[in-house]
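One structure is given here, and the rest of the page talks about it.
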């Protein structure tokens with residue numbers, strides 16, 4: 001076994017993150033689109049704005065999850081605290 005087979009490449013990690021983001025965008029915008037179509041047909045007399053708004057909400061949620069995937073320290077309200085240094089007194 002070579003060193004490359006044991007360690008995960010950073011490119012592979014980045015590809016997995018992009019795959020997750022793209023699948024989130026497709027799934028969440030699709031759900032938003034379908035909710036918008038149903039809401040438009042049943043509640044809003046076949047207007048088009050519920051479709052656009054709910055699709056935009058789905059894309060926005062997927063975008064926020066992608067930001068958290070690529071930069072987990074940028075979550076609002078989260079503070080990274082370094083552990084206290086341990087002094088060795090023997």
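Report yes if some residue within the stretch 72-86 is part of a helix (DSSP H, G or I), at pLDDT 85 or above and either surrounded by 14 or more Cβ atoms within 10 Å (Cβ to Cβ) or under 11 Å from the mean Cα position of the chain (by Cα) (or both); otherwise report no. Break it down stepwise before answering.
To start, the set of residues in the stretch 72-86 that are part of a helix (DSSP H, G or I) comprises 72-74.
Within this subset, residues satisfying the condition of being at pLDDT 85 or above are none.
No, the stretch 72-86 has no match at all.
When 38, 25 are screened for being in a helix (DSSP H, G or I) and under 19 Å from residue 71 (Cα atoms), only 25 passes.
The values are calculated or read from the model by the stated rules, or taken from the named source; none is laboratory data. The shown structure was predicted, so the numbers you read here are calculated from the model rather than taken from an experiment. Positions of Cβ are backbone-derived with ideal geometry, glycine not excepted, and every protein chain shown enters the neighbour counts.
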